[in-house]
Amino acid sequence: MDVRIDLLDERGLAELLDAAVAGADPGEVMPAGPGAVWDDRLRSGFLAFHRRRSFGPDPVERTWVVRVDGRAAGAVRLEPGPDGTEFGIWLARGVRGRGAGTAAVRLLTAAVGPGSGEPLVARTTASNVAALGLLRALGARWAPGGEGAVALPTGTVDHVQRRGPGHGVGPTD
C-alpha cells in the first residue's frame, strides 16, 4: 500500500469530497447534525467548510489529502491552538484498519519537521478505539494523572488529549 499526503488545493478538495461521500458519514468529516446524510446541501457545506478553513484570507488550518495507492482516501490537518498545534485525521471506511492512518501521521510529522518547539496535539474520545490504536502505534503512552493525556516520543508530537467528537482524530487506521 502506497500512502502519501498532498497539500489541499481545489482539485484535491473535489477528490476529498468524493472520498467522504463514498466512505464516511458527514459527522466524521465536518460539523453535521446527528443522523446527517449526504445530500447537495451537505456536499456544498463540505466544500465551503474546507475553503473557509484552509483557503480563506486567514486560514485556520493546513490540510493535506491522504492518498492511498494514488486515490484520495481522507485528510490530515494541522490547526494552531492554545495547547499546541492540533492534528486531526479521518479516513474513508475502505482504507481503515490497514495502516494508512499511521503512515499519514508519520508523513505529516515529517512535513512539519522536528524541533518546532510546539507540541503536536491530538484529541479524540475514549471510545474511539481506532484513533487510540493509531496513537499507540505512534508510540503513545498514558501520562500519569493526565486525565487522558498521552505522550508521543517524537520531536514534534509531545502530547495527546481526549476531547469530544467532531474534533481532532477521527475514524482512522
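Remarks
- Residues of region 10-54 classified as loosely packed, with under 13 Cβ neighbours inside 10 Å and either aromatic (Phe, Trp, Tyr) or in a loop (DSSP other than H, G, I, E, B) (or both), total: 6
- Hits in region 74-85 (condition: within 14 Å of the chain's Cα centre (by Cα) and surrounded by 15 or more Cβ atoms within 10 Å (Cβ to Cβ)): 74, 75, 76, 77, 78, 79, 85
- Meets criteria (at pLDDT 75 or above, in a strand (DSSP E or B) and either touching an Asp or Glu at 6+ places or on another chain (Cβ under 9 Å) or open to solvent by 40 Å² or more (accessible area, probe 1.4 Å) (or both)) for residue 88: yes
- Exclusive hit being of a type in the set (D, E, K, R), modelled with pLDDT of 90 or more, out of contact with any helix residue (DSSP H, G or I) (no Cβ under 7 Å at 6 or more places or on another chain) and open to solvent by less than 20 Å² (accessible area, probe 1.4 Å), set 71, 98, 67: 67
The values are calculated or read from the model by the stated rules, or taken from the named source; none is laboratory data. Quick caveat, the model's predicted, so the values are computed rather than measured. Note that we place each Cβ from the backbone using ideal geometry, even for glycine, and neighbour counts take in every protein chain shown. These accessible areas exclude ligands, DNA and RNA; they are computed on the full protein's heavy atoms, side chains included. Shrake-Rupley method; radii C 1.70, N 1.55, O 1.52, S 1.80 Å.
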